[in-house]
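Input: a single structure, listed below in structure tokens.
The values are calculated or read from the model by the stated rules, or taken from the named source; none is laboratory data. Since the model is a prediction, treat every value here as computed from it, not as a measurement. All Cβ positions, glycine included, derive from the backbone under ideal geometry; neighbour counts span all protein chains shown. Areas reflect the complete protein model, heavy atoms only, side chains present, ligands, DNA and RNA absent. Shrake-Rupley method; radii C 1.70, N 1.55, O 1.52, S 1.80 Å.
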Amino acid sequence: MNGGDRYLIVPFAGERFLSWPDQPLVAPPIRGTAKKQGELRRAVIDCIEHSVRQTALKKGVSRRTDVLGALHAAGEQLAVERGGAKDIYVATDGYASKGCARLKIGKVLSDDDIARIVEGCHAELPRNLSGVPVHIVGIGTSSSKMREASPVAIASVGRLWEALCRQITETCSVRTGAPSGDAADPSPQATRPEREGDT
């Protein structure tokens, strides 16, 4: 996290519609003693977490989930953002309910299943994210309204998204399980459109 980092917190659902905020969140300068810098970074994380809790899809938007469509829409938005390095962080259980990557919750995928889905998704893969690091977290996480998937099923869904992500861009990370507040990465639901400094 660096001073001047910009974050867009964006809910997504079906199709290629994302509810983009009017303004990005911008981190203040991270300066001073180690203690002061820690306090500033914590404040930025708190701000991101608050924004995630407050964000919501606009009325009338499909409640279905299309992760590949959301990634395509994010790529279109990042293309018009002014310079700087860009990352996309996606929080999803990985169970798309729309598109080629549609999955039944809890299904255990074989390597052949994964290869077939990846091949079938060829036409739906975003082509506008080459070179943009994509981080997908929360794969397999169940909500209170979903039955819990087995560890084997969760691992197979993770392998599927790893394979799909590698077809989209060169730099991918996929993590199963609920996002952790202890992770070094910024909030996983944040699409970080621009950073000044490292990426």
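Results, tabulated for the structure shown:
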{"quantity": "Within the stretch 40-89, considering residues that are open to solvent by 90 Å² or more (accessible area, probe 1.4 Å) and in a helix (DSSP H, G or I), the one farthest from LEU125 (Cα to Cα)", "calculated": "ARG42"}
{"quantity": "Residue within the stretch 142-160 that is without any contact (Cβ under 8 Å) to a residue 12 or more places away in the chain, out of contact with any strand residue (DSSP E or B) (no Cβ under 7 Å at 6 or more places or on another chain), open to solvent by 20 Å² or more (accessible area, probe 1.4 Å) and not in a loop (DSSP other than H, G, I, E, B) present", "calculated": "yes"}
{"quantity": "Considering residues of the stretch 2-20 that are within 17 Å of the chain's Cα centre (by Cα) and open to solvent by 30 Å² or more (accessible area, probe 1.4 Å) only, the residue nearest to VAL90 (Cα to Cα)", "calculated": "PHE12"}
{"quantity": "Residue tally, condition of a type outside the set (Asp, Glu) and either assigned to a helix (DSSP H, G or I) or surrounded by 17 or more Cβ atoms within 10 Å (Cβ to Cβ) (or both), over the stretch 21-39", "calculated": "9"}
{"quantity": "Qualifying residue in the stretch 117-138 (condition: without any contact (Cβ under 8 Å) to a residue 60 or more places away in the chain, open to solvent by 10 Å² or more (accessible area, probe 1.4 Å), part of a strand (DSSP E or B) and under 30 Å from GLN23 (Cβ atoms))", "calculated": "yes"}
{"quantity": "Unmet criterion (only one of (1) surrounded by fewer than 19 Cβ atoms within 10 Å (Cβ to Cβ); (2) among the aliphatic types (A, V, I, L, M); (3) modelled with pLDDT under 90; (4) more than 14 Å from the chain's Cα centre (by Cα)) for ALA178", "calculated": "(4)"}
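Matching residues to (1) among the basic types (Lys, Arg); (2) touching an Asp or Glu at 6+ places or on another chain (Cβ under 7 Å):
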residue	(1), (2)
LEU18	no, no
PRO28	no, no
LYS35	yes, no
ILE45	no, no
THR55	no, no
THR65	no, no
ALA73	no, no
ASP93	no, no
ALA96	no, yes
